[in-house]
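Here the structure comes first, spelled out in structure tokens, and everything after it is commentary.
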Amino acid sequence: MFETKAKEVQNQSQFDNYNSQGGVTMGPYTSHIWRTDPRHLGFLLARYKFVAKMLEGKKWALEMGCGDAFGTPVVLQTVDKVTGVDWEPLLMEDNAVRLADYNCDFQCLDITKKAPEGEFDCAFSLDVIEHIPTEREHLYMENICKNLSRDAIFIVGCPNITANEYASEASKIGHINLKHHHELRALMKQHFDNVLLFSMNDEVVHTGYYPMAHYLFAVGIGKKAHG
């Protein structure tokens, strides 16, 4: 048997860290999810984990539509730096304060009107394109690709249109540009030499039958010369 001191506190480093730095504060979006549908955070983190695995070793990632940047630290475990972009100034200001200890920064802009500043070797955009009007999605793609390197990787994640009948009424109102898997692949092929498509159900990423997937990932590799 292992001998321990009578008053030894187990996991002391965790308590020391908590006492000196306090608890972690989530942003407005994820705080709402925690209060109303906490298991959804499991799905959200799984999506960021997939991105982190795909982008491992990259230097500077663009996160388009970062929201309150809940998953950004997951990507920062494998990528040197992340620039988060969204169009709500109060949210970007809050992100900069909450994530001040991480190697990330934030820009406030409308991606359909302006390209982010920086020279990125990868990018990702989760749960964004379904909110972009179809007639403006080409601007979304062009402005993201504008400052990507030739060998960049770009990951788009979005709900599958075939799962929309199971979505909440609030989601249906906001999701104005859902896609079938072949539509998502075709859009990405306009800008990248190679496109890999993955399915996702709950936290599980797989290569199964696309129409039965709740969520889709498209991974674009190698930006086309005109992209």
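Every read-out reported here was derived from the displayed coordinates using simple, explicitly stated rules and does not represent laboratory data. Just so you know, these numbers come straight off a predicted model, no measurement behind them. A quick note on method: Cβ atoms are made from the backbone with ideal geometry, for glycine too, and the neighbour counts reach across all protein chains shown.
Across E137, E165, E119, mean-square fluctuation computed from a Gaussian network of the chain (C-alpha pairs under 10 Å connected) peaks at E165.
Summing charges over all other residues whose Cβ lies under 12 Å from the Cβ of F43, with Lys and Arg as +1 and Asp and Glu as -1, gives -1. Shown in residue order for the range 150-156 are the 3J(HN,Hα) couplings computed by the Karplus curve 6.51 cos²θ - 1.76 cosθ + 1.60 at θ = phi - 60°: 4, 9, 5, 10, 10, 10, 10 Hz (x for Gly and Pro). Which pairs, out of K49/K189; K189/K223; K58/K223; K146/K172; K49/K81, put more than 19 Å between their alpha-carbon atoms? With Cα atoms farther than 19 Å apart: K49/K189; K146/K172.
Normalised by the number of residues in the range 139-227, the mean separation of alpha-carbon contacts (under 8 Å, six or more apart) gives a relative contact order of 41 percent.
Can you tell me the FRET efficiency between K189 and W87 if r is taken as the Cβ-Cβ distance and R0 is 30 Å, rounded to the nearest 0.05? Efficiency, from the Cβ-Cβ distance: 0.65. Here the label points at E203 and D37, each 7 Å from Cα along the C-beta direction, are separated by 1.7 nm in the simple model.
In this structure the amide hydrogen of C66, modeled in the peptide plane, comes within under 5 Å of the amide hydrogens of V85, D86, none closer than 5 places in sequence on its chain. Taking every DSSP helix (H) stretch of at least 4 residues in the chain, weighting each as -39,500 (n - 2.57) and dividing the sum by the residue count yields a mean residue ellipticity at 222 nm of -9000 deg cm²/dmol.
For the range 76-115, the residues whose amide N sits under 19 Å from a probe point set 7 Å from the Cα of L45 along the beta carbon direction are 76-79, 99, 102.
What does the highest-first list of 210-219, 168-177 look like by mean Cβ count within 10 Å?
210-219, 168-177
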